[in-house]
Amino acid sequence: MTQEKRGQHTTLHVGLRPSCGSVTLGRGAAVVDGDSGWLASEVYIWTRRHDGENHMKAVVELLNEMKKAGVVQDYALFGAVAQMRYTEPIATLDADILVLLKDATAIDVLSQIYRFCRERGYLPREEAVLVGDWPVQFIPTFSPLTEEAVREAETGEIEGLSVRVVSARHLAAIALSVGRARDHARILALLESEAVNRDEIERVALRHGLQERWTNFKRRFLDE
Amino acid sequence: MSKRNTLFERQAAWQRARAKLSWTEKLRLAVILRELALSMRRTSKEHGNAAAVVESLAKYGR
């Protein structure tokens, strides 16, 4: 990270500089006011040149094949990857997939999914299956809310491929039910991007016994 | 309004504008953000605090 002073402006460069074959991730005005007390009027963030291949396309192909083969009844992207359909991009380590299984009572509900992935060369890594640079986590629906989220999922598009994705209202309601700080931030981001409004979240929350949580959330974060 | 507030507002507006990018593009950026975050986390862990991160990166000419 380097600083450059040009007149009244201070520019921060974060990461590898262009001479190293990097690309600009972003450029914009910002204030950095931490322990070091910088005030920067421009920030450039550089990173290594990406090979252009977005492995999310491979994830989508895998999911659609999985559904076609009947390994899962249905699926829907959720978590941060789904959120990004509606908001600005955010950093995330993995891709979360809600899966609706035909037999959710089986002892090892994910074994068929893992076998299907392994046959296609995608191997498990910790709690996920690695597809390119995306660790993919399969999460069986675990409540009436998540089941509804998959059944009422929307169809989005990634690199020209159709993909099932949890709607913004269900994404917000699931976040409300989980209730961590990052989930609260997700709800606020979805509201700010106008992907969903308060009434829509409230309707889902009421249907799934989340009324008290929604009331508390509104009081805490929305000045109601 | 102070210069600092103006800068914050410009930064917020710039970030909000990124919501209009295509989902594919946002996912591509997310991968880059992840690499950057992991790289900074590693450096931070090695050196203990933010000031050390700056010194370290500057030292290696990054």
query = Residues with amide H under 5 Å of A:Ala95's amide H, sequence separation 5 or more or different chain, H placed in the peptide plane at 1.01 Å from N; which?
reply = A:Val136, A:Gln137
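Got a sec? How would A:Asp199, A:Asp74 order by Cβ neighbour count within 10 Å, fewest to most?
Details: A:Asp199 8, A:Asp74 17.
The most exposed by this proxy come first: A:Asp199, A:Asp74.
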ask   = Can you list the GluC sites (Glu not before Pro) in segment A:69-142 that are in a DSSP coil and have 11 or fewer other beta carbons within 10 angstrom?
value = A:Glu126, A:Glu127
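Take the Cβ-Cβ distance between A:Val109 and B:Lys20 as r, set R0 to 45 Å, and report the resulting FRET efficiency rounded to the nearest 0.05. If you can, show how the numbers build up before the last one.
Details: r = 39 Å, r/R0 = 0.86.
With R0 = 45 Å, the Cβ-Cβ based efficiency is 0.70.
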request  = At q = 0.10 Å⁻¹, work out log10 I(q)/I(0) for segment A:56-142 with the Debye formula, treating every Cα as an identical point scatterer and leaving solvent out; two decimals please.
outcome  = -0.23
ask   = What list do you get for A:Tyr114, A:Tyr122, A:Tyr86 if you sort them by fewest beta carbons within 10 Å?
value = A:Tyr114, A:Tyr122, A:Tyr86
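Counting other Cβ atoms within 10 Å of each Cβ, which trypsin sites (Lys or Arg not before Pro) in segment B:1-33 have at most 13 and sit in a DSSP loop?
Hits after loop and neighbour filter: nothing returned.
Bear in mind that the values in this text are calculations on the coordinates, not laboratory data. Note that this is a predicted model, so its numbers are computed, not measured. FYI the Cβ positions are ideal-geometry reconstructions off the backbone, even for glycines, and counts take in every protein chain you see.
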